[in-house]
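Laboratory data are not the source of any read-out in this text; all were calculated from the coordinates shown. All values reported here derive from a predicted model rather than from experimental measurement. Cβ placement follows ideal geometry from the backbone for every residue including glycine, while neighbour counts extend to all protein chains displayed.
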Amino acid sequence: MPPLENIRIVLVNPIYGGNIGSVCRAMMNMGLSQLALVAPNPAVDWHDAATMACHAGDILARRREYATTAEAVADCGLVAGASNRGGLYRSHAKTPREWAPKLLEAALDTPVAILFGSEDNGLSLDDLALCTQIIRIPSSEAYKSLNLAMSVMICAYELFTATDAFEPPEERSPECPSSMREAMFVKWRRALLDIGFMTPETADHMMLGIRRIFSRGTLTEKDVQILLGVAAQTLWAAGHIPPRP
């Protein structure tokens, strides 16, 4: 089983339907599908949950509910708990990024649970006692408490990126050859002279500055084609502008 499919998000005593739905959406964004709820608030607005889940309604519909946290994680090899509180028994806490590789490695062979506490009190000491890892999400000292769905998204994101499942699009246009780049500078020199941006006496110095600007990043063939088009249009326009009186 792919490791992400073996990761279980466990919400302990969630209060608000909107948060539960938002968690579903975050999970689907990051390739997670197992949602467990431990003793959710009896007054949860499930309509609100479905609305906030948006296109992740299947995750919400397939959720499993348990009476206790111990039951929700009974079959899990590793159990990680997200907590922002300090204390002697939480000194081994690490960030989601630090724990992600270990959790994914374990998820290759066994279910792995990540616990998130209720919106008002977080995880209890009894819940944390079940945890083999403690996750602490870095946040500003000015306000350290994160929304439930935000916490899930951050942890899910770190797990997803650690799998290398996402491949950013590559630049399809190759870097331009020197000859093409030099042809562009020749045309830009003519265009900038024609519009009076520089004089023949200052052209060499100004073109060095232009070259420096364009050397700060990759110039692909498509980039240079656009810049050649800008210079060509500038030359055309310069030939149609009446001289100043």
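Taking the Cα of GLU5, stepping 7 Å toward and past its beta carbon, and measuring to each backbone N in the stretch 46-76: which are under 16 Å?
From the stretch 46-76, the list is 59.
Among the DSSP beta bridges whose two residues both lie in the chain, what percent are antiparallel, rounded to the nearest 5?
10
For the charge dipole of the chain, defined by +1 on Lys and Arg C-beta atoms and -1 on Asp and Glu C-beta atoms about the Cα centroid, which residue among SER145, LEU227, TYR16 has the Cα displaced farthest towards the positive pole?
The Cα lying farthest towards the positive end belongs to LEU227.
Given Cα pairs under 8 Å that are at least 6 residues apart, what percent is the relative contact order of the stretch 178-240?
Details: 31 pairs, mean separation 33.9, N = 63.
Computed over the stretch 178-240, the figure is 54 percent.
Which length gain, in nm to one decimal place, applies between ASP45 and PHE166 when the Cα-Cα distance is subtracted from 0.36 nm times their residue separation?
40.2 nm
Suppose every Lys and Arg Cβ carries +1 and every Asp and Glu Cβ carries -1, with no other charges. What dipole size does the stretch 3-162 come out with about its Cα centre, to the nearest 20 debye?
So the magnitude is around 320 debye.
Using θ = phi - 60° and the Karplus form 6.51 cos²θ - 1.76 cosθ + 1.60, what ³J(HN,Hα) does each residue of the stretch 134-142 get, whole Hz, x for Gly and Pro?
Working through the residues one at a time gives 10, 9, 10, 7, x, 8, 5, 5, 5 Hz.
Give me a comma-separated list of calculated 3J(HN,Hα) values for the stretch 116-122, in order, Karplus coefficients 6.51, -1.76, 1.60 applied at θ = phi - 60°, integers in Hz, x for any Gly or Pro.
10, x, 5, 4, 9, 10, x
Given that compact globular proteins tend to follow 2.2 N^0.38 Å, what is the ratio of the alpha-carbon Rg of the stretch 178-240 to that value?
Normalised Cα radius of gyration, the stretch 178-240: 1.09.
Please go through the stretch 3-92 and write out the trypsin sites (Lys or Arg not before Pro) that DSSP classes as loop and that have at most 12 other C-beta atoms within 10 Å.
Qualifying residues, ordered by number: ARG62.
If you average the alpha carbon positions of the stretch 24-39 and of the stretch 76-139, how far apart do those two centres end up, in angstrom?
Their Cα centres are 16 Å away from one another.
Stretch SER124-GLU65 to full length: gain in nm at 0.36 nm per residue minus the Cα-Cα span?
Between SER124 and GLU65, full extension yields 19.4 nm more.
Principal axes first, then extents: for the Cα atoms of the chain, list largest minus smallest coordinate on each axis, whole Å, largest first.
Each principal axis gives a Cα extent; for the chain these are 86, 40, 37 Å.
Report the number of Lys pairs in the chain whose alpha-carbons are under 27 Å apart, with separation of 8 or more residues or on distinct chains. Could you put the intermediate results ahead of the total?
On the way: LYS94/LYS102; LYS94/LYS144; LYS102/LYS144; LYS187/LYS222.
Final tally of qualifying lysine pairs is 4.
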